[in-house]
Amino acid sequence: MKENHAIPMSEEKEELGKVEISPEVIEVIAGLAATEIDGVTTRGNFAAGVVEKLGRKSNHGKGVKVDLHEDGINVDVFVLINYGVSIPEVCKKIQENIYQTLKNMTAIQLNEVNVHVVGVQLEQKLDQEQGKKDQGA
């Protein structure tokens, strides 16, 4: 994917000109839509370290990759899930929210929204309870 490649919103010629959306904007929208779902860790912990693995420098689209193909757009989102939640249910909600949010905000149709669970985050309460047990033992 070219870094400066913009996504046209429609193929139709508009009287006022054309509107294009940067892939980075898609990444930010998808990342925020993913963190809106209960069971996904907060944005501060969102897919920590995955950005480095993908070679990204910006934190705005942290944990999100947008691929432009001839037949459409694929979005891959890398998330940390809270311990104790149903991973399949949370992932389905993430897919639906990203799809719907991008459709509403950009009118862009997606081919795929792929969710990659890269870790499980223990909630602080569980960590604190474990720390109390360790101290008492």
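Sort out which residues of the stretch 22-50 are outside any loop (DSSP other than H, G, I, E, B), modelled with pLDDT under 90 and under 18 Å from Val113 (Cα atoms), and write them in order of number.
Matches in the stretch 22-50: Val50 only.
Kindly indicate whether any position in the stretch 63-74 is modelled with pLDDT under 95, surrounded by 14 or more Cβ atoms within 10 Å (Cβ to Cβ), over 24 Å from Val19 (Cα atoms) and among the small types (Gly, Ala, Ser).
yes
Please list, ordered by first then second residue, the pairs with beta carbon atoms under 8 Å, 6 or more apart or interchain, first in the stretch 112-129 and farther than 23 Å from Gln100 by Cα and at pLDDT below 90, second assigned to a strand (DSSP E or B) and β-branched (Val, Ile, Thr).
Gln121/Ile81
Can you run down the residue pairs with Cβ atoms below 9 Å, 6 or more apart or on separate chains, where the first is in the stretch 96-109 and at negative phi and the partner is exposed (fewer than 13 other Cβ atoms within 10 Å of the Cβ) and assigned to a helix (DSSP H, G or I)?
Going by the 9 Å Cβ cut-off, the qualifying pairs are Gln109/Lys103.
What tally of residues in the stretch 86-111 results from selecting those that are outside any loop (DSSP other than H, G, I, E, B), of a type in the set (A, V, I, L, M, F, W, C) and surrounded by fewer than 18 Cβ atoms within 10 Å (Cβ to Cβ)?
Total meeting the criteria: 2.
Checking Lys57 against (1) modelled with pLDDT of 90 or more; (2) within 25 Å of Ala6 (Cα to Cα): exactly one of these is not met. Which one?
The one condition Lys57 does not meet is (1).
The values are calculated or read from the model by the stated rules, or taken from the named source; none is laboratory data. The structure presented is a predicted model; accordingly, all values stated were derived computationally and were not measured. When we count neighbours, we look across all protein chains shown, and the Cβ atoms used for this are built from the backbone with ideal geometry, even at glycine.
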